[in-house]
Each structure stands twice: as structure tokens, then as C-alpha cells.
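In what follows, a single structure is set out as C-alpha cells and then discussed.
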Amino acid sequence: MTAPLLHVQDLVVRYKPRGLFAQAPPPAVNRVSLSLPEGATLGVVGESGSGKSSLLRAILRLVPAESGSITFGGADWLSLRGPELRLARQGIGVVAQNPFLSLSPRLTIAQILSEPLLARGDRPGPDMVAQTAALLSRCGLPPDFLPRRARELSGGQAQRVAIARALALGPRLLVLDEPTSALDVSVQAQILNLLMDLKADFGLSMLFVTHNLKVVAHISDLLMVMHQGEVVESGRAESVIADPAQPYSRALMGFRPRP
Ligand SMILES: Nc1ncnc2c1ncn2[C@@H]1O[C@H](COP(=O)(O)OP(=O)(O)OP(=O)(O)O)[C@@H](O)[C@H]1O
Ligand SMILES: [Mg+2]
């Protein structure tokens, strides 16, 4: 067996208490372990406050881990610092829930898609224009969108741009936090289909957080159910969805308790 692309072991994330004399809050992520093979999609579900976004933030190194370990692409992910971390981060693309919040409204789509390339040190010019146009087209929008601004787009179009930006540096892993929940139902399906096509084309792995069990069933190979910061159940998505073993997952998915 090959090593997983992403492996998380006993990860704990705890936010600081709010006031000087406030008690330390319980961990937002409590001893979470997961393994994501190359090319697979792991869906993470759980009610609001169960720690899904905190888990993603810790994987993205946006919040510190109190304890536990993460390996990504074979590297000891939590020990990377400075330029090394910046370079390694290019291996992870991020798609947020609301494209209108994650895309700067003043910039043109061309500027938005060039930003990560320029930050990496690529030179502006015709090659970069061609590259951004190709990326945009791969995400289902024609090149005449390049001079437009994010605020002029529909929700679905803006999310396509956000996905294109996340792919700009050729990541191996795409991390998505509720990427379709701000969109109309009809558009949700189009975005999910786009993600599945991209996954097949680029051999991408995905970590996909959602409230929506239909979405998870559609897109995930593996499924993990979280509750109060802990993993309640995990396994192949089909089996967990068809017959969840744990009472919490059964309730979440609308099954009757087992007799
Ligand atoms: N920046 C923060 N500072 C302090 N506590 C936080 C912070 N962000 C989240 N929390 C707490 O951590 C816990 C987990 O929150 P988190 O946002 O990870 O849940 P979630 O599963 O993503 O919820 P949702 O489905 O609503 O997005 C909650 O108790 C939340 O109040
Ligand atoms: Mg969240």
C-alpha cells in the first residue's frame, strides 16, 4: 500500500479562552485522526460547531495544533516554517463557502487568477494570460470573463473562479469548506459535477466539508462524521451512508435508532 497523501493523527485544536479569567474551552478538535489516499475524496459531516472548519484550519496551518501530527505528501507538515511552508502550501488549494467574500470585488478575474502565480514569482506576460484563460475555461467560463470583476458574476460563476484560483498552482489536495451551500440548488449540482471532472482530470484529492448529506453521497469516497470535535464514525462513504453504525450518525442521517 502506498502512503496516504494526507495523514492526521490524534490532532487537538483548542482556542484560547476569551477573557483573562475564563476557563479554557473544550477542544474544538479532539484527537482526530484521518487518512486521505491520493486521488480520493473525504467528506466531513457534522452539525454546526462540531469542529469541521477548525480541523481544516489546522490542516491549513491557520490555527495551531495543540498536539497531534500531520503528514502531507510525506512531509512532517506541522514542523514546516517560513519559506519551506510557503512552498509546500502550494500543494493545497482552498475553496471557501462564499465566493463573494473570498474573491476581492475590486479585482478583475484575470488579476484574481494571476495573483497566486505572481506571488510564486512567475513573470506577467502573454504566457500568464494564456495560462489563466486555460484555467478559467477548464472551470467552465470563457476567456471573455477575464476582464470582468467578481461582483459582476453570479454565485455559480464566482465559485468557478474561486475553484480556478485554488487550482492555479497545481495543488495535489483541494480543501473545500461548504463550497456549494451558498449557491442555488440547481447551481450546486453543476459545481459538484465540475469538481468531480477536475478530480478525475488532475488526480486531485479532496477534503470536503458539508452539512449536506446528498452532496457527500454524490462526491465522497470516504466519509467522516464529527460531533463535538471528535470523529464519531468513518469509513467508505457508501457504507456509512447506507447503514451508519453509531447512534449519532444514524440520527444525523435520519435513520431510526437500532433496536
Ligand atoms: N476563532 C475561534 N475562536 C474561538 N472559538 C472558536 C473559533 N472558531 C470556532 N470556535 C469554536 O470551536 C468549535 C468548533 O467550531 P467550528 O467552526 O470548527 O465548527 P463547524 O463544524 O465548522 O461549524 P459550522 O458547521 O457552523 O461551520 C465551536 O465550539 C466554536 O464555537
Ligand atoms: Mg464551519
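What the table below lists for this structure:
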read-out: Subset of the stretch 28-54 (residues that are within 6 Å of ligand 1 (Cβ to nearest atom), open to solvent by less than 30 Å² (accessible area, probe 1.4 Å) and either of a type in the set (Gly, Ala, Ser) or in contact with a helix residue (DSSP H, G or I) (Cβ under 9 Å, 6 or more places away or on another chain) (or both)); value: 28, 46, 50, 51, 54
read-out: Evaluation of residue 170 against (1) away from ligand 2 (no atom under 16 Å from the Cβ); (2) open to solvent by 60 Å² or more (accessible area, probe 1.4 Å); (3) more than 13 Å from the chain's Cα centre (by Cα); (4) in contact (Cβ under 8 Å) with a residue 24 or more places away in the chain (one fails), failing number; value: (2)
read-out: Single match in 34, 20, 55, 42 (criterion: away from ligand 2 (no atom under 16 Å from the Cβ) and touching a strand residue (DSSP E or B) at 6+ places or on another chain (Cβ under 6 Å)); value: 34
read-out: Selection status of residue 147, under 19 Å from residue 108 (Cβ atoms) and part of a loop (DSSP other than H, G, I, E, B); value: yes
read-out: Members of the stretch 100-150 found to be open to solvent by less than 50 Å² (accessible area, probe 1.4 Å) and free of Cβ contacts under 8 Å to residues at least 12 places away in the same chain, listed by number; value: 122, 125
read-out: Among residues of the stretch 211-248, those that are within 19 Å of the chain's Cα centre (by Cα), over 15 Å from residue 46 (Cα atoms) and of a type in the set (A, V, I, L, M, F, W, C), counted; value: 1
read-out: Residue 14 surrounded by 14 or more Cβ atoms within 10 Å (Cβ to Cβ) and at positive phi; value: no
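The values are calculated or read from the model by the stated rules, or taken from the named source; none is laboratory data. Everything quoted here is computed from the prediction, not taken from an experiment. With ideal geometry, Cβ positions are generated from the backbone for all residues, glycine too; neighbour counts draw on all protein chains shown. The accessibility values were calculated without ligands, DNA or RNA, using every heavy atom of the protein model including side chains. Shrake-Rupley method; radii C 1.70, N 1.55, O 1.52, S 1.80 Å.
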